Amino acid sequence: MLLFANVRLITAHLADLFARIRPLVAMEITVYGMRRESYEAVTRVPGLFARFMDGLNLLFESGVRVRLKAMAIQSNLHEQQAIAAFCRERPTICAPGPWPRLGTNSSPASGTCGRSAVNSGKPSGSAVS
């Protein structure tokens, strides 16, 4: 099972619960930026970047498998390398593609897998056993 989640709402209790759910393949989380300013420019809600990082860290600490993804949009284009590095440095299933969303082009670029013990080496979107 792949679960899409709003990581900003994750509590320690929920992270522990998700760690026990089987067969949870992963929780898929979107990374909107690597700085408070860029993240909150996308979400348009002050304070969400800190909640994003807190929730993500709770999931990692609980041992929940996480698949990070990112959208390449105007407000975070300058951070795409930093976002990719952030994803590769975490115990994630796959790093972002990126998935371009500029103008009317909404087709995804090819994904790249991040460094991880749970990384199967399969392309983004593949199930991990």
Tally of residues being out of contact with any Pro (no Cβ under 7 Å at 6 or more places or on another chain) and at pLDDT 50 or above across the stretch 72-97: 18
How about the stretch 55-95: which of its residues are closer than 28 Å to L17 by Cβ, surrounded by fewer than 21 Cβ atoms within 10 Å (Cβ to Cβ) and without any contact (Cβ under 8 Å) to a residue 40 or more places away in the chain? N57, F60, R88, E89, R90, P91
Mind checking whether some residue in the stretch 120-129 is among the polar types (S, T, N, Q), in a helix (DSSP H, G or I) and modelled with pLDDT under 90? no
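The values are calculated or read from the model by the stated rules, or taken from the named source; none is laboratory data. If you're wondering where the values come from, they're calculated on a predicted model, not measured in any experiment. Backbone-built Cβ (ideal geometry, glycine too); neighbour counts: all protein chains shown.
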